[in-house]
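This report concerns only the one structure given below.
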Ligand SMILES: Nc1ncnc2c1ncn2[C@@H]1O[C@H](COP(=O)(O)OP(=O)(O)OP(=O)(O)O)[C@@H](O)[C@H]1O
Ligand SMILES: [Mg+2]
């Protein structure tokens, strides 16, 4: 039987040991979960598997044969496909070109677009998604972009398939589709590695679990024989208890701070709602429901066609995000790679970005003040980095997300309204609990919070009130006390 | 893990590469010149290089800032020529006072930058194409301005006033005043880029425009500023050149069409935006001008100078390409 073995794999980056003597085996027909906190080394291990980076020590063995590739292309040809945490698509090209990238069908020396279309359509139908093969990738919602990424790997029909947090940008519908695909792959005898921070998924789809902590393998478990608690304590090193029950919430919301009246944009239709100071309003819905678009319209990032927005009673319509920020609104965007991070800039620059004007000494920037602000964020979110000067692109995915959160949750920016779009995407469970508390702290300080999330459990437990959207409309509203996943889902699915 | 030595970092830096390149060039030309029985390594040569630098330095500063933000301007040199012609025509044909002519020349240059900015930002046309087209438009306008009432195209329009002559001749000891203005400009713009909010914003916009916009950095305003700044500084170059040569010509700055851009890139300001600084741009310019001067003194054929200038440009771009790739690779992106 085929198997994939990591033998004593080690890797160090400047200032951090990402992997330290990791050994474990994944067998054909099984799904192995790779679990660990942000920066534990999961993605690094997968990048070594796909020959994207070279290990310092140790080797990877596939069914008795040691793997040594000089490029990812070689690894793919040898039957190893890794779906990275960050999407690797070409945004301006069509879905079909992305799915078949590197292996476009050719007829008479020209690309055979007919076949390309039909072959892609076949895969899309197999997944059962409403995606047009000819649409450009950038015109799709983030969740569908992620599904395109998965189709790309599926199409290659590799023996080893590794998923690095595939569900982070997905909603339940796509997750179900993905899990069906994974089950099919499992039955076909593939070797599957699955990375996720969502414990529930681990129990749904995996057979074995390898837990990493600070670059070391601390435990291997068989999924049916373990439980949530054992997993979490292996991962975090302590018991985190019931996250939601122990939240210190704001009891009494104040007066209305934000009113949205019949808002219409290209993507949303007649959206009206109110947000009180000190209140957390959750937004739930499926992909393309228009939650992100409502947030962007309020923030002045998208054009508003009609409708009114009142902030603290006065009518406002921000032309640019800059004006919204000045008025005390912060928006932590959903897509951290394209819209959030400046990958080539330091953690410090990334965090200080929206408040640079407040960090000046005469005409020059105040280095010490920037350091203080950054240090505070690094501590608040336990960002794992050897220095404030590290470039954002050298951080693990979850730590990058923490940087974005740090940027938008400094006391200087979000003074009236804080909009969080999928804030816990890619964040480990230990830190998630801290983020929920932080959101509650904002509410206690009298900031109105809009909390957009595709993780149902999370929205219905953190928000005071959940607004559900479908296809650009608001289809209902549920108070936390009455919220169940079924109720929210039924509002999200039909209208 | 290997410990990083600070020296190793300095040795690998762009500035160091340029210093080495400069030393090699000086040595090379010293030898070449002595073969031709002339001398390269003299104080006169270096003062000459320094004053040669003044004109293109403003091109390099403007282009450098713009490239850091991820944009480019190819119309700069044409704008400079137009400014020089406006100065000359203003004084000798239109009879306006010398300072009025200077103000008019710079204002017209800034207007060209505004036009670039509007087309790039409002119509969304690529800066490369936009500025190339505007360059052609400006050349046409310059020819129109150089046409005298008798409908004759005058290739060089001479002017002279006591004030402009005095400005052109001003110097401190052997060092021309324009060279001092140039150094001051490099320092001011260098500080702006490295130490102020505006500078920081320019880098962040160059790295990720969308993220910069969502963070309220005012990317559009800054883009307008940089285009206008670039053209206005192009105008300053043209005016200085004109003052020095006491004439305005539509052919001015022809050989400096890409000098600003080349110097910036050679000095480590990356085409892909977001990196490099004014120190590098200065060093880049110094290398280019030392090279030109050396070729002149070594009395080589003009065609060779052109060929080798091209080679230098390719070398600069290759260095940019390789270093970006190396960094990407190291960062694993
Ligand atoms: N290119 C790089 N340069 C420097 N350090 C790096 C680089 N890539 C990863 N690291 C560091 O290696 C460590 C492990 O990172 P890795 O991406 O493997 O974590 P992870 O387990 O995938 O975390 P997450 O759950 O946040 O995705 C982190 O501390 C990270 O900062
Ligand atoms: Mg990761």
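The residues of the stretch A:210-227 that are over 22 Å from residue A:63 (Cβ atoms) and within 16 Å of ligand 1 (Cβ to nearest atom), listed by number, are A:211, A:212, A:213, A:214, A:215, A:216, A:218, A:219.
I'd like the full set of residues that are farther than 27 Å from residue A:285 by Cα and more than 16 Å from ligand 2 (Cβ to nearest atom), limited to the stretch A:173-215. Full working, then the answer.
Taking the stretch A:173-215 and keeping what is farther than 27 Å from residue A:285 by Cα, we get A:184-193, A:207-215.
Of everything in the stretch A:173-215, those that are farther than 27 Å from residue A:285 by Cα and more than 16 Å from ligand 2 (Cβ to nearest atom) turn out to be A:184, A:185, A:186, A:187, A:188, A:189, A:190, A:191, A:192, A:207, A:208, A:209.
If you check B:169, B:163, B:184, B:212 for being at pLDDT 90 or above and out of contact with any helix residue (DSSP H, G or I) (no Cβ under 7 Å at 6 or more places or on another chain), only one passes: B:184.
From the list A:466, A:460, A:419, A:452, exactly one residue is surrounded by fewer than 23 Cβ atoms within 10 Å (Cβ to Cβ) and touching a helix residue (DSSP H, G or I) at 6+ places or on another chain (Cβ under 7 Å). Which is it? Going through A:466, A:460, A:419, A:452 in turn, just one is surrounded by fewer than 23 Cβ atoms within 10 Å (Cβ to Cβ) and touching a helix residue (DSSP H, G or I) at 6+ places or on another chain (Cβ under 7 Å): A:460. With respect to the stated conditions, residue A:43 is within 12 Å of chain B (Cβ to nearest Cβ), touching a helix residue (DSSP H, G or I) at 6+ places or on another chain (Cβ under 7 Å) and within 12 Å of ligand 1 (Cβ to nearest atom).
When only residues in the stretch A:1-18 that are closer than 19 Å to residue A:400 by Cβ and in contact with a strand residue (DSSP E or B) (Cβ under 6 Å, 6 or more places away or on another chain) count, which is nearest to ligand 2 (Cβ to nearest atom)? Across the stretch A:1-18, the extreme among qualifying residues is A:18. More than 14 Å from chain A (Cβ to nearest Cβ), surrounded by fewer than 19 Cβ atoms within 10 Å (Cβ to Cβ) and either part of a helix (DSSP H, G or I) or at positive phi (or both): is that true of residue B:255 in this structure? When the stated conditions are applied, residue B:255 passes them.
Under 23 Å from residue A:426 (Cβ atoms) and either within 16 Å of ligand 2 (Cβ to nearest atom) or in contact (Cβ under 8 Å) with a residue 40 or more places away in the chain (or both): does that describe residue A:258?
Details: under 23 Å from residue A:426 (Cβ atoms): no; either within 16 Å of ligand 2 (Cβ to nearest atom) or in contact (Cβ under 8 Å) with a residue 40 or more places away in the chain (or both): yes.
Here the answer is no, as residue A:258 does not meet what is asked.
All conditions but one from (1) within 10 Å of chain B (Cβ to nearest Cβ); (2) buried (at least 20 other Cβ atoms within 10 Å of the Cβ); (3) under 22 Å from the mean Cα position of the chain (by Cα) apply to residue A:300; the one that does not is (3). Beta carbons closer than 7 Å, at least 6 apart along the sequence or on distinct chains, pair a first residue in the stretch A:214-232 that is within 14 Å of chain B (Cβ to nearest Cβ) with a second that is within 16 Å of ligand 1 (Cβ to nearest atom) for A:215/A:17; A:215/A:18; A:215/A:19; A:215/A:20; A:215/A:40; A:215/A:41. Checking the structure you have, find out if any residue of the stretch A:55-63 is more than 8 Å from ligand 1 (Cβ to nearest atom) and closer than 30 Å to residue A:381 by Cβ. Yes: one or more hits. For residue B:183, the conditions (1) buried (at least 17 other Cβ atoms within 10 Å of the Cβ); (2) without any contact (Cβ under 8 Å) to a residue 24 or more places away in the chain are fulfilled apart from (1). The set of residues in the stretch B:83-126 that are free of Cβ contacts under 8 Å to residues at least 60 places away in the same chain and either surrounded by 23 or more Cβ atoms within 10 Å (Cβ to Cβ) or farther than 16 Å from residue B:232 by Cα (or both) comprises B:90, B:94, B:95, B:96, B:97, B:101, B:119, B:122, B:123, B:124, B:125, B:126. Of the residues that sit in the stretch A:342-364 and are under 16 Å from residue A:321 (Cα atoms) and facing chain B (nearest Cβ under 7 Å), which one is surrounded by the fewest Cβ atoms within 10 Å (Cβ to Cβ)? Of everything passing the filter in the stretch A:342-364, A:357 is surrounded by the fewest Cβ atoms within 10 Å (Cβ to Cβ). Residue check: residue A:101 meets all listed conditions (1) within 29 Å of residue A:454 (Cα to Cα); (2) under 25 Å from the mean Cα position of the chain (by Cα) but one, namely (1).
Condition check ((1) more than 16 Å from ligand 2 (Cβ to nearest atom); (2) over 18 Å from residue A:296 (Cβ atoms); (3) without any contact (Cβ under 8 Å) to a residue 12 or more places away in the chain; (4) not assigned by TED's automatic domain parsing to the domain that holds residue A:274) across all residues:
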{"position": "A:337", "(1), (2), (3), (4)": "no, no, no, no"}
{"position": "A:351", "(1), (2), (3), (4)": "yes, yes, no, no"}
{"position": "A:357", "(1), (2), (3), (4)": "yes, yes, yes, no"}
{"position": "A:364", "(1), (2), (3), (4)": "yes, yes, yes, no"}
{"position": "A:367", "(1), (2), (3), (4)": "yes, yes, yes, no"}
{"position": "A:371", "(1), (2), (3), (4)": "yes, yes, no, no"}
{"position": "A:410", "(1), (2), (3), (4)": "yes, yes, no, no"}
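Counting only helices (runs of 4 or more DSSP H) that sit completely within the stretch B:122-229, those holding 1 or more residues that are within 14 Å of chain A (Cβ to nearest Cβ) and farther than 30 Å from residue A:407 by Cβ correspond to B:177-195.
The set of residues in the stretch A:371-404 that are closer than 16 Å to residue A:424 by Cα, modelled with pLDDT of 90 or more and away from ligand 1 (no atom under 13 Å from the Cβ) contains only A:377.
Applying the set (1) within 14 Å of chain B (Cβ to nearest Cβ); (2) out of contact with any strand residue (DSSP E or B) (no Cβ under 8 Å at 6 or more places or on another chain) to residue A:295 leaves exactly one unmet item: (2). Scanning the stretch A:377-384 turns up no residue that is without any contact (Cβ under 8 Å) to a residue 60 or more places away in the chain and at the interface with chain B (Cβ under 10 Å from one of its Cβ atoms). The condition (being touching a strand residue (DSSP E or B) at 6+ places or on another chain (Cβ under 9 Å) and either part of a loop (DSSP other than H, G, I, E, B) or farther than 27 Å from residue A:475 by Cβ (or both)) is satisfied by just one residue among A:309, A:325: A:325. Annotation note: Cβ proximity below 6 Å between a residue of the stretch A:32-50 that is on the phi > 0 side of the Ramachandran plot and a residue that is near ligand 1 (Cβ under 7 Å from one of its atoms) and assigned to a helix (DSSP H, G or I) (sequence gap 6+ or interchain) occurs for A:36/A:42; A:39/A:399.
For the stretch A:104-129, the set of residues classified as loosely packed, with under 14 Cβ neighbours inside 10 Å, modelled with pLDDT under 90 and closer than 30 Å to residue A:172 by Cβ consists of A:128 only. So, in the stretch A:386-400, of the ones that are within 14 Å of chain B (Cβ to nearest Cβ) and within 15 Å of ligand 2 (Cβ to nearest atom), which residue ends up surrounded by the most Cβ atoms within 10 Å (Cβ to Cβ)? Step by step, filter the stretch A:386-400, then rank; the result is A:392.
When the stretch A:130-148 is examined, which residues are found to be surrounded by 14 or more Cβ atoms within 10 Å (Cβ to Cβ) and in a helix (DSSP H, G or I)? I'd like the intermediate steps shown before the answer.
Start the filter on the stretch A:130-148 by keeping residues that are surrounded by 14 or more Cβ atoms within 10 Å (Cβ to Cβ), which leaves A:131-137, A:140-148.
Those that are surrounded by 14 or more Cβ atoms within 10 Å (Cβ to Cβ) and in a helix (DSSP H, G or I): A:137, A:142, A:143, A:144, A:145, A:146, A:147, A:148.
Considering only residues in the stretch A:49-81 that are under 24 Å from residue A:205 (Cα atoms) and within 16 Å of ligand 2 (Cβ to nearest atom), the one that is farthest from the other protein chains (Cβ to nearest Cβ) turns out to be A:49.
The values are calculated or read from the model by the stated rules, or taken from the named source; none is laboratory data. Since this is a predicted model, take the numbers as computed values, not measurements. Every residue, glycine among them, receives a Cβ derived from its backbone with ideal geometry; neighbour counts consider all protein chains shown.
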